[in-house]
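See structure below.
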Amino acid sequence: MMATAAAAANLPCLPQTWKANNPKGRHKVITWERKTKSPSLTACYCSLSETSPLFRAAKHTIDTYIKSGMVIGLGSGQASAMAIKYLGHQIRAGAFKHILGIPTSVVSASEAAKAGIPLGELGNSSQDRFLQIDFAFDDVDIIEERTLISVIGCQRLQGEESIIQEKLVLSMADQLVFMVTKNQYKRGLEGSVPVVIESLNWLETAEEIDDLFLGDAEVWRRPSIGHADPLGGDFPLVTSEGHNILDVIFTSPIASLAEVAESLEKVDGVVEHGVVSKFPCKAIVASESGLSIVDNIPTNAVGGV
């Protein structure tokens, strides 16, 4: 059966393409503790730094890995939004110069524009494909211990993200960091994997995927509005690229995300999926007790911050 009564919560709305102008940040020499001309910005940073482990991860990412002159992939999600705001703050403070951001979504483009980060974009020309992205950061929904293979696109509430766009930016980055909570970093992952498929003959694709994971997962077509059901309801989601999205909802722990990705890539009609495998990359795992930095190099180094 393609689905039974499993919950399909937090399904996103209709994605859209993104585009933003290139605002110029003003450089002012200030210290981190000094108040800026924006009281609300200062108050926001103070409260977040005191209460949010993810903000500490975001701040560490910017302070540790960003250098002037970089082209930076700007991720999507809660931690990425914090990192974008802090990066904009540091640009205005004069800590970084000649930064160019490449957003992964409409939301991250909007956050970056508000933060005063100059923006570029990836297009369809061959020249765009060869753009070097020095560093990228992103949120993920779940991430596998040791391998750092992760899943994106499961719980996008605002629905303007493109899995294809996001994975393209991440794949082009020379360095990649994921910012996650301790609960997201574990073995025996549970949850779902989104799969972008061609809308034509989508049901045949869904049935083939269902056969792949028979007994271990349910397959739902994602709706644009209303409640989810196996067929996507009366208004199935159509992405900005013209595709549908299937959510492969695993009912037992996922033994290997790499094997899931490999199986999906062999199915006719599959355009892309939410599994991200990048080597090398790092994960900053945030908890109330501090940060742990993990990489997926065989001589795995873990350190506290």
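Remarks
- Complete set of residues in the stretch 147-189 that are at pLDDT 90 or above, in a loop (DSSP other than H, G, I, E, B) and surrounded by fewer than 19 Cβ atoms within 10 Å (Cβ to Cβ): T147
- Tallying residues that are over 15 Å from V196 (Cβ atoms) and open to solvent by less than 10 Å² (accessible area, probe 1.4 Å) within the stretch 255-269 yields 1.
Listed here are the residues, each with its yes/no results for (1) within 22 Å of T64 (Cβ to Cβ); (2) of a type outside the set (A, V, I, L, M); (3) surrounded by 12 or more Cβ atoms within 10 Å (Cβ to Cβ).
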site: I209; (1), (2), (3): no, no, yes
site: P223; (1), (2), (3): no, yes, yes
site: L231; (1), (2), (3): no, no, yes
site: G242; (1), (2), (3): no, yes, no
site: V271; (1), (2), (3): no, no, yes
site: K278; (1), (2), (3): yes, yes, yes
site: L291; (1), (2), (3): yes, no, yes
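- Sub-6 Å Cβ pairs linking a first residue in the stretch 53-68 that is modelled with pLDDT of 95 or more to a second residue that is open to solvent by 60 Å² or more (accessible area, probe 1.4 Å) and of a type in the set (K, R), at least 6 apart or interchain, are S68/K97, ordered by first then second residue.
- Flag if T299 is among the β-branched types (V, I, T), at pLDDT 95 or above and out of contact with any helix residue (DSSP H, G or I) (no Cβ under 7 Å at 6 or more places or on another chain): no
- If you go through the stretch 211-221 and pick out every residue that is open to solvent by 40 Å² or more (accessible area, probe 1.4 Å) and free of Cβ contacts under 8 Å to residues at least 40 places away in the same chain, you end up with 4.
- Selection of helices (runs of 4 or more DSSP H) fully inside the stretch 50-142 by the criterion of at least 1 residues being of a type in the set (G, A, S), open to solvent by 10 Å² or more (accessible area, probe 1.4 Å) and touching a strand residue (DSSP E or B) at 6+ places or on another chain (Cβ under 9 Å) returns 106-115.
- Matching option when the condition is farther than 30 Å from T51 by Cα and modelled with pLDDT of 90 or more, among H273, H227: H273
The values are calculated or read from the model by the stated rules, or taken from the named source; none is laboratory data. From a predicted model like this one, the values you see are computed outputs, not experimental measurements. So basically every Cβ, Gly included, is an ideal-geometry build from the backbone, and we count neighbours across all protein chains shown. Heavy atoms of the whole protein, side chains included, go into the accessibility calculation; ligands, DNA and RNA do not. Shrake-Rupley method; radii C 1.70, N 1.55, O 1.52, S 1.80 Å.
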